[in-house]
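Encoded as structure tokens, the structure appears first; notes follow it.
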Amino acid sequence: MSVHSNLTGKLSNVQLELIKLFATDVSNEELVELKKILLEFKFNRVTAMADELWEQKGWTEKDMDNLLKIHMRTAYKSQENYLRQ
């Protein structure tokens, strides 16, 4: 679900729980601390998902080195060529 759809559509179960949990204001320092905790939680989940995928694929360090060397960006026309059209 995109951020935009969350703003215009139904709230997720996490959003609802956070609204209930923090129905009153917290200090700016507490808000910063909470953001750090939530980001750490999200980072740990994403890292676990990446580790699981790594294991499923049977990737090695050599595979990662090869992935880092692959150029996968779309080639773009230079601005000069674009303006001549």
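The values are calculated or read from the model by the stated rules, or taken from the named source; none is laboratory data. As the structure is a prediction and not an experimental result, all values here were calculated from the model. Please note: Cβ atoms are built from the backbone with ideal geometry, for glycine as well, and neighbour counts cover all protein chains shown.
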* Residue selected from the stretch 47-85 under the condition among the β-branched types (Val, Ile, Thr) and surrounded by 10 or more Cβ atoms within 10 Å (Cβ to Cβ), by the criterion modelled with the highest pLDDT -> Thr47
* For Lys35, indicate whether it is part of a helix (DSSP H, G or I), within 17 Å of the chain's Cα centre (by Cα), at pLDDT below 95 and charged (D, E, K, R). => yes
